[in-house]
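What follows is a set of notes on a single structure, which appears directly below.
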Amino acid sequence: MLPLTDDWKLWFCGAVLSILLTMCVQRKKGGTKPAGPLALPFIGHLHLIGSVPHRTFYRLSQRYGKVLLLQLGCRQLLVVSSASLAEEVLKHQDHLFGHRPRSHFIEIVFYRSRGPAFMELTPRWKSLRKFYAQHVASPQCIAASKCIRNEEMHLLLRRLRLCTPGARFDLRSTVSDWMLKVMTRVLFNERANDREQMLDFSEVFRKLSDIFTVPMVADFLPYLRAVVDPGGMQKRLLREHARMDAIMESIVCKRLKQSSSDPSSTPKDVLTSFLQFEGMIPKNDGDGFSGEVPHTTPDSEGTEAVKAVFLELLAATTDTTTAAVEWAMAELLSHKDTVLEKLKRELELCMDGRDTSQVDEELLCRLPYLEAVMKEALRLHPPASLLLPHFTKEATKVAGYTIEANTILAVNAWAIGRDESVWKEANEFKPERFLAEGSDAHISFEGHANFQLLAFGKGRRGCPGRSLGMIMASLFVANLVHNFDLHTPQVPDLTEKMCAGNMLANPLHPNIYSRHHPSTKSPIEKYENLQ
Ligand code: HEM
């Protein structure tokens, strides 16, 4: 090595000093990049994430500010934790942050991101969103599928009434099975687990959801993909995906066959509308089927797109709505003498004089306290606590900080819902805040304002199934509360766990007692012809 002359030593020290000085000045000014903890070589901040990332990000944001920039292996993650910053990225810069990052799990399970939720902002995404708006989540479609939800609720109530008084019941699987049955009927006119090919549906679906919990090493450290597969995750993923693919394939093929052999018997459901939308079966103009009948059998690319869309719709619906019900019930059982009693009274008043104890969907609009309870549960416990990941392909500025191209964005909806500068008694469960006379009566999930309430996201990537999700979750809670007394030996433990969404770490298993409503008959008669 060459010996350093005194001149060089002086130059060297001067250079180091000026770099340090610049760093200090930049830090003082806020710098051009958001502040963050020290990153380790290769893994960056991966070791800090922990099992409940929204809480880790919340803690880090308390220390480093509401804009955080983390290095997760080879990927940069920007986390924002205030309503005004959420507005900046989801409204003013929605055109940039509206993309989704690629993920190994998503690529496999959703057929190379061919459903809209994980697709980039392309014309195809736009037309799929339009399809959803018209054929899945429009008020007309929701009204048309109301009878399915009421029927399935009737069957569930009948089954639960047969439980031995005081039996422990598994709330989470009961809700998620119900959601899955409702949605498989709404989407493709089949009940999960009803026919032979559908037998394993719930089981495979749940296994895939569980795998979703585990962050894939491949996403952050792709160079380890070939050598590391913790817990055999990759193998399990491929196995369960193959099973789910076989089930979805049988559903799509059965429908295609039915439509070509006997078009008039084709059910009028979302699957038929989608196959028509894709040009895979002829359109029904009301007087029978018309238009070009495709002469070729759809290729695997065609059926893959259909499977991706339907699997994604089931995933988007089931876990989120199940989590919403579970959190609402956990909070109600934690506030038995106050909120739960008040909700029971509201339901009793609304149901008074009716000849059934089943709360039908059309009554939900007459239950403002129930709506406030559901909103409050979603404020404190948004099932997608960091929304779905957003992504910018272009460099930009957020709150004055420079954000590089190809940065992933997480919006901490959980932290924003508990921000004390926005919400009074932010950590308390107080549904009254959302009632007409309450302090937050004007805040709603709809529209392009109120970025402090983000359980359904906002902007172009905001949830298209918001109304349907709220209806299904509210219907479930209303019927459970009105028809049963649920007891837990202790106040429920509200510790969180990231499963397919933000859920209770210790699922509720309350003791169930059927409530008798002397003035009403059991909720059987109206749906008596059901199985
Ligand atoms: C309580 C129930 C639900 C909750 C809490 C919920 C929440 C969310 C959230 C947070 C997002 C991501 C928003 C973003 O990244 O900015 C989302 C996206 C989505 N949700 Fe929901 N959701 C629920 C129910 C539903 C239902 C019932 C459907 C089906 C109709 C649905 C379909 C979707 C789809 C397709 C997307 C992706 C949208 C896109 O990327 O373009 N969700 N949902």
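The values are calculated or read from the model by the stated rules, or taken from the named source; none is laboratory data. What you are looking at is a predicted structure, and each value in this text was computed from that prediction instead of being measured. Heads up, the Cβs are rebuilt from the backbone with ideal geometry, glycines too, and the neighbour counts pull from every protein chain shown.
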Exactly one of Glu346, Glu371 is among the charged types (D, E, K, R), closer than 18 Å to Ile471 by Cα and touching a residue at least 60 places away in the same chain (Cβ under 8 Å), and that one is Glu371
Search result, residues across region 67-94 that are away from the ligand (no atom under 16 Å from the Cβ) and without any contact (Cβ under 8 Å) to a residue 60 or more places away in the chain: Leu68, Leu70, Gln71
Quick count over region 53-88, residues being surrounded by fewer than 18 Cβ atoms within 10 Å (Cβ to Cβ) and among the charged types (D, E, K, R), is 3
Which residues, taken from region 497-515, are under 25 Å from Arg55 (Cα atoms) and assigned to a loop (DSSP other than H, G, I, E, B)? Cys499, Ala500, Gly501, Ala505, Asn506, Pro507, Leu508
Qualifying residue in region 494-507 (condition: under 27 Å from Arg161 (Cβ atoms), touching a Ser or Thr at 6+ places or on another chain (Cβ under 6 Å), within 16 Å of the ligand (Cβ to nearest atom) and of a type outside the set (Gly, Ala, Ser)): no
Leu409 passes all but one of (1) crowded, with 20+ Cβ neighbours inside 10 Å; (2) hydrophobic (A, V, I, L, M, F, W, C); (3) out of contact with any helix residue (DSSP H, G or I) (no Cβ under 9 Å at 6 or more places or on another chain); which number fails? (3)
Taking only region 33-66 into account, find how many residues are without any contact (Cβ under 8 Å) to a residue 24 or more places away in the chain and hydroxyl-bearing (Ser, Thr, Tyr). 1
Out of everything in region 467-493 that is outside any helix (DSSP H, G or I), in contact with a helix residue (DSSP H, G or I) (Cβ under 7 Å, 6 or more places away or on another chain) and not polar (S, T, N, Q), what residue ends up being farthest from the ligand (Cβ to nearest atom)? Val491
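Condition check ((1) among the charged types (D, E, K, R); (2) surrounded by fewer than 18 Cβ atoms within 10 Å (Cβ to Cβ)) across all residues:
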{"residue": "Glu331", "(1), (2)": "yes, no"}
{"residue": "His335", "(1), (2)": "no, no"}
{"residue": "Arg354", "(1), (2)": "yes, yes"}
{"residue": "Ser357", "(1), (2)": "no, no"}
{"residue": "Leu367", "(1), (2)": "no, no"}
{"residue": "Ala384", "(1), (2)": "no, no"}
{"residue": "Phe391", "(1), (2)": "no, no"}
{"residue": "Ala395", "(1), (2)": "no, yes"}
Is it true that some residue in region 331-354 is in contact with a His (Cβ under 9 Å, 6 or more places away or on another chain), near the ligand (Cβ under 9 Å from one of its atoms), at pLDDT 95 or above and closer than 19 Å to Leu367 by Cα? no
Of (1) modelled with pLDDT of 95 or more; (2) within 12 Å of the ligand (Cβ to nearest atom); (3) surrounded by fewer than 18 Cβ atoms within 10 Å (Cβ to Cβ), Gln140 fails just (2)
Looking only at residues in region 378-432 that are closer than 24 Å to Glu346 by Cβ and without any contact (Cβ under 8 Å) to a residue 12 or more places away in the chain, which one is nearest to the chain's Cα centre (by Cα)? Glu428
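So that you can scan it fast, the table gives a plain yes or no per residue for (1) surrounded by 20 or more Cβ atoms within 10 Å (Cβ to Cβ); (2) within 30 Å of Val481 (Cβ to Cβ):
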{"position": "Leu90", "(1), (2)": "yes, no"}
{"position": "Met119", "(1), (2)": "yes, no"}
{"position": "Lys126", "(1), (2)": "no, no"}
{"position": "Ser145", "(1), (2)": "yes, yes"}
{"position": "Glu151", "(1), (2)": "no, yes"}
{"position": "Leu156", "(1), (2)": "yes, yes"}
{"position": "Thr164", "(1), (2)": "no, yes"}
{"position": "Ala167", "(1), (2)": "no, yes"}
{"position": "Ser173", "(1), (2)": "no, yes"}
Identity of the residue in region 484-504, touching an Asp or Glu at 6+ places or on another chain (Cβ under 9 Å) and at pLDDT 95 or above, that ends up nearest to Leu208 (Cα to Cα): Leu504
